[in-house]
Amino acid sequence: MSSPQHSGVPRWVFVPAAAGALFIVLPLVALASRVEWSQFWSLITSESSRAALLLSLRTSATATLLCIVLGVPMALVLARTSFRGQSLLRSLVLLPLVLPPVVGGIALLYTFGRQGLLGHTIEVLGLQIAFSTTAVVIAQTFVSLPFLVVSLEGSLRTAGDRYEIVAATLGARPTTVLRRVTLPLVLPGLAAGAVLSFARALGEFGATITFAGSLEGVTRTLPLEIYLQRESDPDAAVALSLVLVVVAVLVIGLVRGTRSDAP
C-alpha cells in the first residue's frame with residue numbers, strides 16, 4: 001500500500017487532521033445510526049413534514065432569487081469601484097455571516113414589525129410582514145446574501161477587468177459589457193454563490209423563528225419542524241435531520257462542480 005503524498009507536510013500533521021475529520025464525521029454517523037430506516041419514508045412524508053419541506057424549498061428558492069437580484073450589483077460595486085467608506089460597506093455586508101441569527105431576527109423585527117422602523121408605514125398600506133411567509137423569505141435573504149456577494153466578488157477580482165476594458169475600448173456600452181462579458185466570465189462563481197445562498201436559506205432557523213414565528217404551513221420551515229419534533233417525535237426529527245444532511249452534501253457537490261468548471 002502506497003503512503004499518501006504529502007509534499008513535505010510533516011507526518012505528525014496527519015494525526016490532528018484525522019482527529020478533525022473524525023470530529024466532523026462521527027456525529028453524522030451517529031445521526032444515521034439512530035434513523036428508523038423501516039419507518040424513514042413515512043416519517044419524512046407525514047403531513048407536517050411535507051408542508052415544512054415544501055415551504056422551505058419555496059421560500060429558499062425565492063430568497064436565492066432575491067440574493068441574485070441584490071447581491072450581483074453589490075458584488076460589482078465592491079469589486080469594480082473604489083470609493084470612500086468601501087471597507088466599511090464590505091464589513092456591513094458581511095456582518096450577517098458572524099452575527100447570531102437570532103440577533104438578525106430581532107433586528108428584522110424592529111425594522112419590519114408592527115412597531116418597527118418601517119413596519120408601521122407598511123401596515124398603514126395594508127401589508128403585514130412579520131410572522132408571515134414574506135418574513136421567512138426576508139429572514140432567509142438576510143442571512144444568505146453575504147454568501148453570494150463574497151463568492152461573486154472573489155470571482156470578479158480573480159477574473160480581472162482586462163476583457164471588460166477591451167470591450168469598452170471597442171465601443172461596447174457598460175450594460176452590454178456587463179451582460180456579454182462580465183457575467184459570462186464569472187458565471188461559475190455566481191452559480192456557486194447562488195447554491196450556497198440556497199443551502200444557507202434552507203437551513204436557516206434563528207432569524208426565522210424570531211422574526212416569522214412558527215405557524216404550520218405559513219412560517220414553519222423544515223429546521224423549525226425538526227426543532228419541534230425533537231420533543232414530540234424524536235424519530236421524525238432524526239429522519240428530517242438526515243434529509244437536511246443529504247441536501248447539504250448535494251450542495252457541496254454542486255459547489256465543487258461549479259468551481260472545477262471555472263476557467
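The table below lists the values:
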item: Cα-centre dipole for region 40-260 with unit charges at Cβ (Lys and Arg positive, Asp and Glu negative), debye to 20; result: 1000
item: Shape category assigned to region 112-263 from the gyration tensor of Cα positions, a/c cut at 1.5; result: oblate
item: Choice from Thr64, Thr134, Thr169 showing the highest fluctuation, given a GNM over the chain with Cα pairs closer than 10 Å; result: Thr169
item: For region 17-87 versus region 103-124, the gap between their alpha-carbon centres in whole angstrom; result: 25
item: Whether region 22-147 is rounded, prolate or oblate, judged on the alpha carbon gyration tensor where a/c under 1.5 counts as rounded; result: oblate
item: Listed residues Leu53, Leu156, Ala194: farthest to the positive end of the dipole of region 40-260 (Cβ charges); result: Leu156
item: Qualifying trypsin sites (Lys or Arg not before Pro) for region 102-181 [loop in DSSP, other Cβ within 10 Å: at most 14]; result: Arg114
item: For a label point 7 Å along the Cα-to-beta-carbon line of Thr45, residues of region 210-242 with backbone N under 20 Å; result: 222, 226, 235-242
item: Cβ-defined net charge surrounding Thr182, 14 Å radius [Lys, Arg +1; Asp, Glu -1]; result: +3
item: Relative contact order (%) - criterion: Cα under 8 Å, at least six apart; region: region 40-260; result: 32
item: Potential lengthening between Glu36 and Glu216 on full extension [0.36 nm per residue; Cα-Cα distance subtracted]; result: 62.3 nm
item: Listed residue (Gln86, Pro73, Pro10) projecting farthest to the positive dipole end of region 1-95, Cβ model; result: Gln86
item: Cα gyration tensor category, rounded, prolate or oblate, for region 89-193 with a/c compared to 1.5; result: prolate
item: Under the Karplus curve 6.51 cos²θ - 1.76 cosθ + 1.60, θ = phi - 60°, whole-Hz ³J(HN,Hα) for region 102-114, x wherever Gly or Pro sits; result: 5, 5, x, x, 5, 4, 5, 5, 7, 9, 10, x, 4
item: Around Thr81: net Lys/Arg minus Asp/Glu count, Cβ-Cβ under 13 Å; result: +1
item: Selection of chymotrypsin sites (Phe, Trp or Tyr not before Pro), region 75-183, meeting DSSP coil and at most 11 other Cβ within 10 Å; result: Phe83
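Rule-based calculations on the coordinates, nothing more; no lab input. Note that this is a predicted model, so its numbers are computed, not measured. Using ideal geometry, Cβ is built from the backbone for each residue, glycine included, and neighbour counts are taken over all protein chains shown.
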